[in-house]
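The values are calculated or read from the model by the stated rules, or taken from the named source; none is laboratory data. Computed from a predicted structure; not experimentally measured. Every residue, glycine among them, receives a Cβ derived from its backbone with ideal geometry; neighbour counts consider all protein chains shown. Surface areas here come from the heavy atoms of the whole protein model, side chains and all, with no ligands, DNA or RNA. Shrake-Rupley method; radii C 1.70, N 1.55, O 1.52, S 1.80 Å.
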Amino acid sequence: VLYVSLHQFPLYPGSGRLAEVGVGRGEGFTVNLPLPEGAGDGGVLDAFERVVEPVVRHFAPQALLVSAGFDGHLRDPLAGWRLSDDGHRDIARRVVRLARDLCPGRLVVGLEGGYDLEALTNGVAALLEEMAGLPGPALSPHPSHTPLVDQAVAHHRRHWPL
């Protein structure tokens, strides 16, 4: 089992530090990507592109299980990543592509969080549209490299070919 967590840190519950990578035979199979408040579309999508996608592709899972949280949205009162609607759709598009490419569409998604009803509605709709293969809008480009992800890339390179 590979566990990948892309999350705001520090924030509840206080776990998910970069150094938490699993123990014993499971060492390296926990991939934490703690990003600070304000990471935005650029930081989150950069982490997804530079760490999540290559690690998941190398692991070659038989299925993907996703805990989909929408509390990183810029209007959400709980967290502070400041993701846009496009950012959430881009993540959904990438997850669906990984499932299609690696495990013939075997993708299970559970709703995990999101406390601004409009952002939650838009995020869930975008995710379902992507899962259904409906044509979505063209997405804005994001920065291809953000310095805040460099530490995570360097850290996880010990276990994965990044």
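Odds and ends about this structure:
- Selection within the stretch 103-162 - of a type in the set (Gly, Ala, Ser), in contact with a strand residue (DSSP E or B) (Cβ under 8 Å, 6 or more places away or on another chain) and within 24 Å of ARG17 (Cα to Cα): GLY110, GLY113, GLY114, ALA152
- Residues being surrounded by 11 or more Cβ atoms within 10 Å (Cβ to Cβ) and hydroxyl-bearing (Ser, Thr, Tyr) - total across the stretch 138-162: 1
- GLN8 vs. criteria loosely packed, with under 13 Cβ neighbours inside 10 Å and out of contact with any Ser or Thr (no Cβ under 9 Å at 6 or more places or on another chain): no
- Filter result for GLY110 (over 20 Å from LEU35 (Cβ atoms) and within 17 Å of the chain's Cα centre (by Cα)): yes
- Flag for SER5 being closer than 23 Å to ARG158 by Cα and of a type in the set (S, T, N, Q): yes
- ARG57 falls short on exactly one of the conditions (1) open to solvent by 20 Å² or more (accessible area, probe 1.4 Å); (2) outside any helix (DSSP H, G or I); (3) at pLDDT 95 or above, and that condition is (2).
- Positions within the stretch 30-52 being surrounded by fewer than 16 Cβ atoms within 10 Å (Cβ to Cβ) and under 23 Å from VAL109 (Cβ atoms), in sequence order: none
- Tabulated pairs, the stretch 87-116, first among the basic types (Lys, Arg), second surrounded by fewer than 14 Cβ atoms within 10 Å (Cβ to Cβ), C-beta under 7 angstrom, 6+ apart or interchain: ARG106/GLN62; ARG106/ALA63
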